[in-house]
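The values are calculated or read from the model by the stated rules, or taken from the named source; none is laboratory data. Small disclaimer: the values here were computed from a predicted structure and weren't measured. Heads up, the Cβs are rebuilt from the backbone with ideal geometry, glycines too, and the neighbour counts pull from every protein chain shown.
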Amino acid sequence: MAARGWAARLATTVGLLVALLTLLVAPATPASAHAVLQSSSPAASAVVPTAPAEVVLTFSEPVRKVTDRIRLIAPDGSRVDRGEPRFDGTVVTIPVAQDAGQGTYLLSYRVISADSHPVSGAFTYSVGAPSEPPTDTGADSRADPVVETAVKVGKFVGYAGLLLLVGATLVLVALWPSRLSRQGPSRVAWIGMGLVVLATVAAIWLQVPYTAGGGVLDVSGEGLGSVLGSGFGTAHLVRLGLLAAAAFLLRPLLAGQAGRTDTIILVVLGAATLFTWPLAGHAAASPAPAVSVAVDAVHLGSMAVWLGGLVMLAGFLLRRADERELGAILPIWSRWAALAVAALLLAGTVQALIEVATVDGLLNTTYGQLVIAKIVLFTLVIGVAAVSRHLVRQRTAAQRPTRVRRLIMAELAITAVVLGVSATLVQTPPARTAVADEVGSTENFFRTTLTSSIYSLQVEMSPARRGNNTLHLYAYTPDNRPQPVEEWRVTAALPSAGVEPIEFPLLPLTDNHATSEISLPAAGEWQFRFTVRTSDIDQATVTATVSIK
């Protein structure tokens, strides 16, 4: 029996770890930007008569600088941006050298959005007449996948540490029987404190390569200083300061020797610490930041009380307390849990209304789908908790601690996965900003795959409407492996309106992926021709008709 019990626990642990790692590593596709480039001057793909003195970018929310990541490349391959770009809220102004000549220019950018996530992209414009677009070997500043995964793992570790710290402290202060030793729960509280500190320091460190690009060790003093001087860095430094102050009061409180004043001060410090999480994330950049920050802090605090209390019940009280003590403890805990769950539901509903905003955003974005997964898992937890609460109301929980403990372990198993979903959710673009990129309806997105004798070409265009559009091309071999491309060409014509073929410059992003910002002046059935050269002698052209609304 004992061997089977250990085997079952081991299998459950391994299963949870696999589920959590899957949640943390997925999705494999690159995350969309949290801020969106709304317009530029000159516009993408535009042809202007004279070289502009400056290029102006306008984003959907305020952005911050990443050192040397806004670069303007002239037709001859030289850089013609001069001095530091000027950042003024949502507007970025890049000074341009006055001796810039004619031809096609490439502007690549990487900035940090208001919610601390990187935003990158590139487009071209031409002076006088288009020419072969230049390349920028220094523009690739994508974050290492290891860094992106490490950021998610750090989020999870921070959440786990918070619930251990809050749960152990709360139970020791209000529910712990005086006859039992406090050593075990106190150790859990200090472990929780250590995990929160570790996750906070790791978040500051990882933010440098996450926003600027590079590996885990690619951290410079300048980059670290930039992070510490940002709102993200300030929130994390404040968290470390609050945790240091709380540590002095935590020791006597865990030992049962703290006075009422010390306890009140510790509660205030804990509440202030909770606000540092939303202040460093999506909530700070939401349409209603004050409301978002408040409900996010309530959501986080309720989670810590509920899950932290469950850990203490399963790990200590249901093992050590006798029937009389459990008869007094469990009804109190049941009321606490009900209040925490009610606060979670209310705060989660408000968060969803702000961050998801629309039904399409809920159903057709990664963020919305993660919210749905979280709701399903949360519903399962509520069902298990309802059974536990029924036992408490029937006054049978104290006589059947083993059954209660199994129910609590089931709650913890499901909520551990919920924490994994949450760690991924906070690194995913909110539906309110991602919906334009992720909604795959035929009204604002075109996708097709074209085949030739030497390659297949995946074509994606958004929003497939009159005006500015973003075009992405992906080349694959006949056996569906990435096909390196030597040269890309694309033209578009609208015969019904007398529009002759227009050639658009393409920007290679990888060996088999190119993009372009194209402007289509009229609605109708546009005829596209895509010519792809895969070697010195191998070349093929494929065509597609795109309905532009």
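Within the stretch 150-183, the set of residues being in a helix (DSSP H, G or I) and surrounded by fewer than 16 Cβ atoms within 10 Å (Cβ to Cβ) comprises Val173, Ala174, Gln183.
The residues of the stretch 107-130 that are modelled with pLDDT of 85 or more and surrounded by fewer than 22 Cβ atoms within 10 Å (Cβ to Cβ), listed by number, are Ser108, Ser126. Could you list all residues from the stretch 222-279 that are farther than 20 Å from Ala203 by Cβ, free of Cβ contacts under 8 Å to residues at least 12 places away in the same chain and not in a loop (DSSP other than H, G, I, E, B)? Within the stretch 222-279, Phe248, Arg251, Pro252, Arg260, Thr261, Ile264, Val267, Val268 qualify.
In this structure, does Val147 turn out to be β-branched (Val, Ile, Thr), part of a strand (DSSP E or B) and not assigned by TED's automatic domain parsing to the domain that holds Gly309? No; evaluated as a whole, the condition is false for this residue. Only a single criterion out of (1) farther than 30 Å from Trp336 by Cα; (2) assigned to a helix (DSSP H, G or I) is not satisfied by Val216, namely (2).
Just to check your reading of the model, which residue among Ile204, Ile191 is modelled with pLDDT of 90 or more, over 30 Å from Gly315 (Cβ atoms) and not in a loop (DSSP other than H, G, I, E, B)?
On the way: Ile191 fails: over 30 Å from Gly315 (Cβ atoms).
Exactly one residue qualifies, and that residue is Ile204.
Taking the numbered list (1) modelled with pLDDT under 90; (2) surrounded by 19 or more Cβ atoms within 10 Å (Cβ to Cβ); (3) not in a strand (DSSP E or B) in turn, Val485 passes all entries but (1). Given the condition in contact with a strand residue (DSSP E or B) (Cβ under 8 Å, 6 or more places away or on another chain) and at pLDDT below 85, answer yes or no: does some residue in the stretch 290-313 qualify? Checking the stretch 290-313: not a single residue is in contact with a strand residue (DSSP E or B) (Cβ under 8 Å, 6 or more places away or on another chain) and at pLDDT below 85.
Of the strands (runs of 3 or more DSSP E) lying entirely inside the stretch 1-104, those containing at least 2 residues that are at pLDDT 75 or above and either of a type in the set (Lys, Arg) or touching a Lys or Arg at 6+ places or on another chain (Cβ under 9 Å) (or both) span 63-65, 71-73, 86-88, 91-95.
Filtered by the rule that a residue be of a type in the set (A, V, I, L, M) and more than 18 Å from Pro133 (Cα to Cα), the stretch 469-491 gives a lone residue, Ala475. Among the residues of the stretch 465-482, those that are part of a strand (DSSP E or B) and within 17 Å of Leu450 (Cβ to Cβ) comprise Leu471, His472, Leu473, Tyr474, Ala475, Tyr476, Pro482.
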